[in-house]
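Okay, structure first, notes after.
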Amino acid sequence: MSKSEQKILYVTAGGDAPYALANHIYRTHPNLIIAREKAQSKVAITYSRARSKGWLKALGQLGTMVFSRIGKSVFFRVYKREISERNLDVKLDRNIDIVDISTPNSSEFIDLVKTLKPKIIFLSGCRIISQETLTEIDIPILNYHAGINPKYRGMFGGYWSRRNGDVDNYGTTVHLVDAGVDTGDILYQSIIPIKGHETMLTDAIIQVTHSMDISLRAIDDVCNNKIVVKDVNIPSQLWFQPTLWSYIWCGITKNIW
C-alpha cells in the first residue's frame, strides 16, 4: 500500500507547533486525518493538579500558564519572527479533514479508530492516552514529545533541559505509546543546539522545526513494518510545569525563561 493510501490519524488539541507538524506530514501522507480534542480549561487542569499535588503547586502552575499567555501577547512580534524565520506553516491546511472529539479517552474516539482503520495513530499535543483506551486499540500509536526521553519525560522538556544546563539533552523524541507517561520505546530523537535566545515561549516552535524529519521517518518505518527501537541509556525523570515563582526566580537569577 502506498503512502497516499495509508491513513494516519493525527490526534491533537491544536496549536502552532502541532499544526505545523501536521502540515508537514500531510504533504507526503495525504490521507492524514486530524482528531482534534477539546482543550481542557485552565480551571479543570488546576483542579486536577490540586488533587494530586496540592493547591499551592497547582495555583503556582496556573500562574505560569497565565504568565505565558500574557507573554505571548506582549512578545507577539518576537514569537511570529521565530515562526517566520523557520518558514513554518502554522495555519492548518484547509484540505486536511478534521473530526472534533471530546477526548481520545472516549468511546467516540475508539469508534472513530474502528471506522477509519488507520495504519498509525500519531499524537502531538494532546492528553495522555489511558490504559483503557490502549486496550481497545490494536494499531501502533506514536507520540511526538518535546523533550529527550527518558530524562525529560512529561512537560516542558526543552525548558527543563535549558534550566538544568543540560545542553546535550535539548531536543525531541518520537516514541511508541504505552501505559506510562512518555515511557514507550524510542524510535528517533533530535538533539538541538542551544543558541541562548530560547524561551518557554519559543521552545515548541524551535523544537518542532528540528523534528519534521524524525517524525516522518518514524511514520514511514511503521508503515513499512520496519520499526527499530533505539536504546537510550540515560536516567529517567518526569517533569511538570514550573510554578510561577520558580519560573520568575530562574529567569531573574539565571536569565533562563
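The values are calculated or read from the model by the stated rules, or taken from the named source; none is laboratory data. Owing to the predicted nature of the structure, the values given are computational and were not obtained by experimental measurement. Positions of Cβ are backbone-derived with ideal geometry, glycine not excepted, and every protein chain shown enters the neighbour counts. What goes into the accessible areas is simple: the full protein's heavy atoms, side chains included, and nothing from ligands, DNA or RNA. Shrake-Rupley method; radii C 1.70, N 1.55, O 1.52, S 1.80 Å.
Could you check how many residues of the stretch 12-51 are basic (Lys, Arg), more than 19 Å from Arg69 (Cα to Cα) and within 18 Å of the chain's Cα centre (by Cα)?
So the answer is 1.
Filter the stretch 108-134 down to residues that are loosely packed, with under 14 Cβ neighbours inside 10 Å and among the polar types (S, T, N, Q) and give me whichever is nearest to Ala204 (Cα to Cα).
Applying the filter and picking the extreme gives Gln131.
Looking only at the stretch 240-257, which residues are open to solvent by 40 Å² or more (accessible area, probe 1.4 Å), outside any helix (DSSP H, G or I) and out of contact with any Leu (no Cβ under 8 Å at 6 or more places or on another chain)?
Phe240, Asn255
Would you point out which residue out of Asp182, Asp168, Asp178 is surrounded by fewer than 17 Cβ atoms within 10 Å (Cβ to Cβ) and in contact with a strand residue (DSSP E or B) (Cβ under 8 Å, 6 or more places away or on another chain)?
Just one listed residue meets the conditions, Asp168.
Look through the stretch 50-78, keep the residues that are open to solvent by less than 60 Å² (accessible area, probe 1.4 Å) and among the β-branched types (Val, Ile, Thr), and return whichever of them is nearest to Pro104 (Cα to Cα).
Kept after step one, since they are open to solvent by less than 60 Å² (accessible area, probe 1.4 Å), are these residues of the stretch 50-78: 50, 54, 58, 60-65, 68, 71, 78.
Checking which are among the β-branched types (Val, Ile, Thr) leaves us with 64, 78.
Working: Thr64: 26, Val78: 33 Å.
Step by step, filter the stretch 50-78, then rank; the result is Thr64.
Quick one: in the stretch 193-216, which of the residues that are assigned to a loop (DSSP other than H, G, I, E, B) and touching a strand residue (DSSP E or B) at 6+ places or on another chain (Cβ under 7 Å) is most open to solvent (accessible area, probe 1.4 Å)?
The residue in question is His210.
Pairs under 9 Å by beta carbon, first residue more than 19 Å from Ser102 (Cα to Cα) and among the basic types (Lys, Arg) in the stretch 123-151, partner assigned to a loop (DSSP other than H, G, I, E, B) and open to solvent by 30 Å² or more (accessible area, probe 1.4 Å), six or more apart or different chains?
Here the result reads Lys151/Val232; Lys151/Ile234; Lys151/Pro235; Lys151/Ser236; Lys151/Gln237, each pair linking the stretch 123-151 to a residue that is assigned to a loop (DSSP other than H, G, I, E, B) and open to solvent by 30 Å² or more (accessible area, probe 1.4 Å).
Yes/no per residue for (1) of a type in the set (A, V, I, L, M, F, W, C); (2) more than 30 Å from His197 (Cα to Cα); (3) touching a residue at least 60 places away in the same chain (Cβ under 8 Å); (4) in contact with a strand residue (DSSP E or B) (Cβ under 9 Å, 6 or more places away or on another chain):
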{"site": "Ile8", "(1), (2), (3), (4)": "yes, yes, yes, yes"}
{"site": "Gly15", "(1), (2), (3), (4)": "no, no, yes, no"}
{"site": "Val43", "(1), (2), (3), (4)": "yes, yes, no, no"}
{"site": "Ala50", "(1), (2), (3), (4)": "yes, yes, no, no"}
{"site": "Lys91", "(1), (2), (3), (4)": "no, no, yes, no"}
{"site": "Thr103", "(1), (2), (3), (4)": "no, yes, yes, yes"}
{"site": "Glu108", "(1), (2), (3), (4)": "no, yes, no, yes"}
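Answer with yes or no whether Ile219 is assigned to a loop (DSSP other than H, G, I, E, B), in contact (Cβ under 8 Å) with a residue 40 or more places away in the chain and open to solvent by less than 80 Å² (accessible area, probe 1.4 Å).
no
Would you check if there is a residue in the stretch 37-49 being modelled with pLDDT of 90 or more, assigned to a strand (DSSP E or B), out of contact with any Phe, Trp or Tyr (no Cβ under 7 Å at 6 or more places or on another chain) and open to solvent by 10 Å² or more (accessible area, probe 1.4 Å)?
Taking every residue of the stretch 37-49 in turn, at least one turns out to be modelled with pLDDT of 90 or more, assigned to a strand (DSSP E or B), out of contact with any Phe, Trp or Tyr (no Cβ under 7 Å at 6 or more places or on another chain) and open to solvent by 10 Å² or more (accessible area, probe 1.4 Å).
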